[in-house]
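Below: the structure, in structure tokens.
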Amino acid sequence: MSSIRNRFSNLFTSGQAVWLIVAGLAVVSIFLSDTFLTERNIPNLLGQTVPLIIITVGLFIAIIAGQIDLSVAALVKLTAVLVSGIGDGDMGKFLAAVALAYAIGLTVGLINSLLVVVFKVPSFIATLGMFAVLEGLVLAYTVKGVGSVPTPIVDFFYGRIGPLPYSVIALAVVGAIVFAWFHFSRLAMRMYAVGGDPEVARRSGVNSGPVITWSLVICSLFAVTAGIAQVSRAGVGAPTTGEGLELAAITAVIIGGASLMGGRGKLIGAIGGAVLLTLIDNSLNMIGVSQYSQGLFRGGIIVIAIALFVSKRGART
Amino acid sequence: MQKFSPHSNSASNHASAEEGEAPLLRMRGISKAFAGIPALRDVDLDLYEGQVHALLGQNGAGKSTLISIMSGALQASSGVMELAGQEVSFASPSEALASGVVAVYQELSLLPDMTVAENLFLGIEPGHGPLISRTQMRTKAREILDTLGATDIDPGTVVGDLNIANQQLVEISKALTRQARVVILDEPSAVLGSQELDLLYAMVRRLTAGGIAVVYITHRLDEVQEIADVVTVMRDGRKVLDEARSEVSKTEMISAMVGREVLLDAPPKWQVGVSRAQDGPTLSVQNVVLPGMAGEALNFEVQSGEIVGIAGLTGSGRSRILRLLAGLEPPLSGKVNLGQTVLNLRTPRSAIAQGIVLVPEDRKRLGLILNQSVISNTVLSILSRISRLGFISRSSSRGRTQEMVDRLSIKIASMNQEVRYLSGGNQQKVVIARCIGTNPKLLLLDEPLRGVDIGAKSEIVDIVGQIAEQGTAVIVVSSEIEDVLALTNRILVVRDGCIVRELIGDEATETMVLQYSSVRQS
């Protein structure tokens, strides 16, 4: 009994369990719905996952380093309205706005880490404050949908080879780079160490300040990227873009087997978590579950998935 | 400075420091005070290449402070330190590391979720620029583990999956990856079983054979004789003995650690044989074996109204005996009786239901709810007795608390004061108040006098005596022999999970306890 449980929790912490659930849910959806496995739905589903995966990867990096970033969704929102509002359908202005958005992302990441590293504010509080500030900026800029994204960009997001949208292919390339980065980079290894135990890292000669700074800056830059992806799919930026994405991303990281305390988790699991969350929504739609009861099913599936794979987290932390 | 001539060590055949050779690490006049209270006073120490330097002393003698200064975790208030003739002062552990001074602490500094290789090279990862070379890391890790004889540890294993002895090997290997010249081992044997000790000795000898100076902290004098070249004994922040090991006997080491024969101003409050209420049941522990402790089974009795002390070194199983009685650690075999009843000790809840309460070692974490009031904490264990229909009676909880505050003379501003604002001694009294509120038959005290000032200490000693007088059996465990002796003069000395000696009456002295707990009797 305990060995079965152990194997389950190993599956969970290695980030494989979540992919089993994804596969299982996909099979169920294929049987229960005629519209799930269609040429319209599959590319749509894949495209839908892109922004959440991007933001999840960023947040995963922050969480591994022992931090949390609650300002990501607000940053997605700000990026969306700025890029759409300033760009307003013009490619030149759009690119300028993208550059501006990244500059803002960099600033946000640096301010977050300044608060955390220098002023010792817990990242939960620091980024919660940043979340409020960014939300305020968005509403100061616009309270409704504003401008538009240039057509070629939107087309890119809907163009595809077979069932694979270009955006998914682009994401796969970026994803491969991130995987390699996790395996070969000094910084990534030190993030696991600082997130695992900052004191041990310190005694081993790792200065946690720069590591935390990098993790929060990278997280913000990924959030900006997610914002660009999100607004490009939508075609127009609105103050509702990206609402609730931070919670979805945190959920994705956790059901992917990472520890919210930092230092433990696999990227593949976090990505699986993001895919699972999008798949749950899509499947519920395709199966024909009413909008109103979807929350119940979504929550139920997530809770059962985690309960099934109770990790040995307690034993080690 | 006392002078000693470094002798070549028969155990390790390396080029030992010759007469007159300069020490690798030289400390002169090191002092350190915390909030005005001196922890180290004017300590001189010389470490030589290829030698094992044993550092002895009781808790609070200043050993930890000294090695913290050596390894950069603390900075000396005054004094100088020289490494290979160069004056150094380490502002942080990483600076000490960079100079080759590495401390291996009791609580291992490894990351359980990372692999052996990652742990070994954390902070000094091989590779170029931002990239690391995992192949190089594995190869180098293999080499270092082999050098130390840890051939069966795979560098790719996650550290959390290794047993504690192997984790320690990894920890020491980590010191080697840092180009260590001075390796400080803080009680490396405390977590090891006797078979694993040989492995540790072999490893220490390999370190010294490579010309490394080893500082070896331990409480076990057998180990000192086995491994050390030089012995330093500390007491009350001072160096009181510094000799070549071959020049000092165990007895000399013990008396240097204890300092004076009689440490106590007054004899224990509760002497064996003093008559007192004995209408309660007797606790009897029969043939109990602690899990993971392969030794003789435990057998002892504690009578109602009696106070019994359990003394032993860290890792000797002294606290585990208490944990076992409190239902926190089910026994492998044997039984525990209270009077005629056979106790069921599977869970803490069942232990409490049968009248056994534990005053835990870590009162701030396990004994109190720090941000709640004195009242809440005092009545926490007896809520059902002071409630009616599920509502807590405010007047009886105030009444009970007032009674306890008076009885234990707890100094508080008001009963609604949060306990975190109380002093250590008063916090401890609140824990005791909560525990005795249940009228226990057996009271277990783990480190009851730790972090408590002198005045409160003697008050708590009195309180425990009164509790015993009313018929409760009391067992007290402490790492401070002095504290146990203040409470009782019947002491069970444990070593490796077994009772090696019962000391009663005049026999119960600090020297005797130290001797039986730190020296293997053959």
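No lab work stands behind these numbers, since they all come straight from the coordinates. Remember, predicted model here, so these are calculated numbers, not experimental data. Here Cβ is always computed from backbone atoms with ideal geometry, including for glycine, and neighbour counts include all displayed protein chains.
Overview of results
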{"quantity": "Qualifying trypsin sites (Lys or Arg not before Pro) in segment B:452-522, DSSP loop, other Cβ atoms within 10 Å at most 13", "calculated": "B:ARG520"}
{"quantity": "Relative contact order for segment B:294-380, counting Cα pairs under 8 Å that sit 6 or more residues apart, in percent", "calculated": "17"}
{"quantity": "Pairs of alpha carbons in segment B:327-422 whose separation is greater than 18 Å (percent)", "calculated": "58"}
{"quantity": "Kirkwood Rh and Cα Rg combined as Rg/Rh, segment A:55-172", "calculated": "1.03"}
{"quantity": "Mean separation of Cα contacts under 8 Å, 6 or more apart, over the residue count of chain B: relative contact order %", "calculated": "15"}
{"quantity": "Flagged links, alpha-carbon separation over 21 Å, of B:LYS335/B:LYS441; B:LYS335/B:LYS364; B:LYS239/B:LYS457; A:LYS266/B:LYS174; A:LYS120/B:LYS174", "calculated": "B:LYS335/B:LYS364; B:LYS239/B:LYS457; A:LYS266/B:LYS174; A:LYS120/B:LYS174"}
{"quantity": "Residue-averaged 222 nm ellipticity for chain B, from DSSP H runs of 4+ at -39500 (n - 2.57), nearest 500", "calculated": "-9000 deg cm²/dmol"}
{"quantity": "Likely footprinting exposure, A:SER71, B:SER249, fewest C-beta neighbours within 10 Å first", "calculated": "B:SER249, A:SER71"}
{"quantity": "Dipole-positive endmost among A:ILE64, A:VAL76, A:LEU245 within segment A:2-312 (Cβ charges, Cα centre)", "calculated": "A:ILE64"}
{"quantity": "Mean Kyte hydropathy of 0.5 or more with a Cα span along the axis of at least 20 Å, helices from DSSP in chain A", "calculated": "A:17-32, A:41-64, A:72-87, A:91-113, A:123-141, A:166-184, A:208-234, A:267-287, A:291-308"}
{"quantity": "Electrostatic dipole magnitude of segment B:371-438 [Cβ: Lys, Arg +1; Asp, Glu -1; Cα centre; debye, to 20]", "calculated": "120"}
{"quantity": "Debye log10 I(q)/I(0) at q = 0.05, 0.07, 0.11 Å⁻¹ for the protein assembly as shown, Cα point scatterers", "calculated": "-0.37, -0.71, -1.29"}
{"quantity": "Estimated inter-spin distance, B:ASN59 and B:GLN340, nm [label 7 Å along Cα→Cβ]", "calculated": "4.1"}
{"quantity": "Spatially proximal lysines relative to A:LYS144 (Cα-Cα < 22 Å; intrachain offsets below 8 disregarded)", "calculated": "A:LYS77, A:LYS93"}
{"quantity": "Debye, to nearest 20: dipole size of chain B, +1 on Lys, Arg Cβ, -1 on Asp, Glu Cβ", "calculated": "2140"}
{"quantity": "222 nm mean residue ellipticity, helices alone, for chain A (DSSP H n ≥ 4; -39,500 (n - 2.57); rounded to 500)", "calculated": "-24500 deg cm²/dmol"}
{"quantity": "Convex hull of chain B built on C-alpha atoms - directionally averaged projected area, nm²", "calculated": "27.3"}
{"quantity": "Cα-based Kirkwood hydrodynamic radius, segment B:25-258, one decimal, Å", "calculated": "18.2"}
{"quantity": "Point-to-point label distance, A:TYR141-B:GLN179, nm (Cα→Cβ direction, 7 Å offset)", "calculated": "5.0"}
{"quantity": "For segment B:25-258, size of Cβ-based charge dipole, Lys and Arg +1, Asp and Glu -1, in debye", "calculated": "420"}
